[in-house]
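To start, the structure under review is shown below, and the notes come after it.
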Amino acid sequence: MTVRSDVRTEGSPVIPTQVVAIDGPSGAGKSTVARQLAAKLGFGFLDTGAMYRAITWHFLQEGCAPAECAGDPDRGLARMRQALAGAKLELVSGAVVCNGRDVTAHLRTREVESQVSAVSALPFVREAMRDLQRAVAVAGPVVAEGRDMGSVVFPQARWKVFLDAAPSERARRRCQDFARQGRVVSESDVLEEILVRDRLDSTRSDAPLRQAPDALYLDSTGMVTETVVAMLLKFVRAGAAASGAS
Ligand code: DC
């Protein structure tokens, strides 16, 4: 799957429906579950958090990330707009490529982590990402995970899920991810970061993290990934059968 930021769905944008939209807070396990579900269904996988992280990385490279522009916010916004216009984002079989460079390994660094909530709160960034996300889903069915998939980007998605878990469990899972990457981080620090991110993501004015009214709510606390994937597979297949699709 390849999409470039110069792909635009201007005019009368097509809003795709063959989408499993999975939203939820940080560390709820969305990426792992969505990736496995997509593989089982033969759908594409759209990790929209990775897209926001890649743009944040690009702003950092350009020296115009929000924290760097705090002294002159108007000029900062103009520089971010310019940097966004010059960004060519590609999603190529699990990797995120920005202006020809594979940036996947940089997406979870502390620098990116510390700026991504502020970047993802910017309406002009969200608008560009939304158009790209729709352009990907126009090309074929996808499992898309993020914060606003069912509420804003794909309001007519055939399947919507809000995946949640207790904050302490989300912090524990994140620590395990970090440990796999060789990073030692205390669970209480991660919990604190998660709670800050939850607050920022849920209180921003543009597309805050919110459960779509027609989404299935699933609390995965205490469940292993396989159980969650199996439940969602059943949910998707039941929906497909109910509407007569194969
Ligand atoms: O899911 P994640 O941790 O990779 O997301 C990184 C950040 O991007 C997080 O602060 C929320 C934001 N995000 C968003 O605002 N909308 C999305 N659809 C996906 C992520």
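Each value in this text was obtained by applying a stated rule to the coordinates, not by laboratory testing. Remember, it's a predicted structure, so these values are computed and weren't measured experimentally. All Cβ positions, even for glycine, are placed from backbone atoms using ideal geometry, and neighbour counts span all protein chains on display.
Tabulated values for the structure
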quantity	calculated
Rounded to whole Hz, the Karplus (6.51, -1.76, 1.60) HN-Hα couplings of segment 198-213, x for glycine and proline	4, 5, 4, 5, 8, 10, 5, 7, 9, 6, x, 4, 7, 6, 5, x
Packing rank of 24-34, 76-86, where each peptide gets the mean count of other beta carbons within 10 Å, highest leading	24-34, 76-86
Computed FRET value (nearest 0.05) for residue 32 with residue 102, which takes r as the C-beta separation and R₀ as 22 Å	0.55
Residue list for segment 94-136, given a label point 7 angstrom along the Cα-to-Cβ vector of residue 181 and an amide N cut-off under 19 Å	94-98, 101-120
Per-pair calculated FRET efficiency, R0 = 25 Å: residue 109 and residue 168 via Cβ, rounded to 0.05	0.50
Prolate/oblate/rounded label for the chain (Cα gyration tensor, a/c 1.5)	oblate
Highest-first arrangement of 46-56, 181-191, where packing means the average Cβ count within 10 Å	46-56, 181-191
Cα gyration tensor shape for segment 120-203, rounded if a/c is under 1.5, else prolate or oblate	prolate
Net charge of Cβ neighbours under 11 Å - reference residue 146; Lys, Arg +1; Asp, Glu -1	-1
Distance from segment 102-157 to segment 161-218 (C-alpha centre basis), Å	16 Å
Amide H contacts under 5 Å for residue 45, placed H, 5+ residues apart	143
Which of 127, 62 has the fewest Cβ neighbours within 10 Å, and the rest in rising order	127, 62
³J(HN,Hα), Karplus 6.51/-1.76/1.60, whole Hz, each residue of segment 124-129, x for Gly, Pro	5, 6, 4, 5, 5, 5
Charge tally in the Cβ shell below 14 Å around residue 45, where Lys, Arg are +1 and Asp, Glu are -1, residue 45 excluded	+1
Residue-averaged 222 nm ellipticity for the chain, from DSSP H runs of 4+ at -39500 (n - 2.57), nearest 500	-15500 deg cm²/dmol
Built amide H within the under 5 Å cut-off of residue 96, gap 5+	103, 104
Sites residue 210 and residue 77 - FRET efficiency at Förster radius 25 Å, r taken between beta-carbons, to 0.05	0.50
